[in-house]
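This report concerns only the one structure given below.
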Amino acid sequence: MTTIQEKVVLITGASSGIGEATARLLARRGAKVVLGARRTDRLASLAAEITATGGTASFQRLDVTHRPDMEAFAEFALETHEQIDVLVNAAGVMPMSPLWNRKIEEWELMIDVNLRGVLLGIAAVLPTMQEQGWGHIVNVAPVAMHGLSPGSAVYHGTQYAVNAISEGLRQEHAGRLHVTVVSPDVHGPIDPLAERIAASYARERMRTNRRIAVPVDAVARSIAGAIEGYGITAGAMRPPARQHHQQQQRPRPAEYAQ
């Protein structure tokens, strides 16, 4: 029996990409996955696929930028399973354009999804985890947090912020909750929204990055490893705060992220 088996795992952004791959893998390893995203048709299909192969999956429509949605998502998980063991914050968007284009609506979108969504997720599950005395929050913050490229300043800013919030949460709940930041390379096929709104010079950079990115299945294995207590991720992880130091792990080839 793995330490994933029978755990109740909430996953945002579960309709595609890292969230979808993580849901499939964790369900295969015995987790009870609760799927959240806006595209309920895709969630329904994924949940049906998981249950057809003997897994346990439920889903609810979720807009991570909407506080009542996130609170209802956590409540749905509690009503269904009576506990919350893990939250995987995997929802995210990455439109790219230089600051001088002043695409303020895109900035607001990234801040709302990539940053506000993570905070609302934490806020929704934290009371339950505190009452239980255990829990694990996994925040997916792609590799942009380790470097900057033209056209992605706002996106990078949201990832820096997620890392800071994760570290603060880790320190505040040392010995009670586990907090992990998984930092994969740019992942998966280009999001249609990002493709549509990215500046033309940045669009080709996005395509190139995705051609050399770590596969989403490898990222999912890294998340599973973090939940099981392994020290392997597609980027950075933090040890329990009581150790009073930070560890930085170099990205591993996909075959080692098992």
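The values are calculated or read from the model by the stated rules, or taken from the named source; none is laboratory data. Computed from a predicted model, the values in this text were never measured in an experiment. Neighbour counts run over all protein chains shown; Cβ positions are idealised from the backbone, glycine included.
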Inset, instruction - Inspect all residues belonging to the stretch 81-102 and state whether any of them is surrounded by fewer than 18 Cβ atoms within 10 Å (Cβ to Cβ), more than 18 Å from Ser152 (Cα to Cα), touching a residue at least 24 places away in the same chain (Cβ under 8 Å) and out of contact with any strand residue (DSSP E or B) (no Cβ under 6 Å at 6 or more places or on another chain). - result: no
It is to be established whether one or more residues within the stretch 132-147 are out of contact with any Ser or Thr (no Cβ under 8 Å at 6 or more places or on another chain), part of a helix (DSSP H, G or I) and either at pLDDT 85 or above or over 23 Å from Ile104 (Cα atoms) (or both). yes
Checked Gly30, Gly36, Gly55, Gly17 against criteria (farther than 20 Å from Glu79 by Cβ, touching a helix residue (DSSP H, G or I) at 6+ places or on another chain (Cβ under 9 Å) and not aliphatic (A, V, I, L, M)); the one match is Gly17
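Being free of Cβ contacts under 8 Å to residues at least 40 places away in the same chain, part of a helix (DSSP H, G or I), crowded, with 18+ Cβ neighbours inside 10 Å and not acidic (Asp, Glu) is true for just one of Ala124, Ala47, Ala72. Which residue is that?
Numbers: Ala124 fails: free of Cβ contacts under 8 Å to residues at least 40 places away in the same chain; Ala72 fails: crowded, with 18+ Cβ neighbours inside 10 Å.
Result: Ala47 is the single residue among Ala124, Ala47, Ala72 that is free of Cβ contacts under 8 Å to residues at least 40 places away in the same chain, part of a helix (DSSP H, G or I), crowded, with 18+ Cβ neighbours inside 10 Å and not acidic (Asp, Glu).
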Gly168: passes all of (1) within 15 Å of the chain's Cα centre (by Cα); (2) modelled with pLDDT of 55 or more but (1)
Filtering the stretch 148-184 for residues that are assigned to a helix (DSSP H, G or I) and out of contact with any helix residue (DSSP H, G or I) (no Cβ under 7 Å at 6 or more places or on another chain) leaves a count of 6
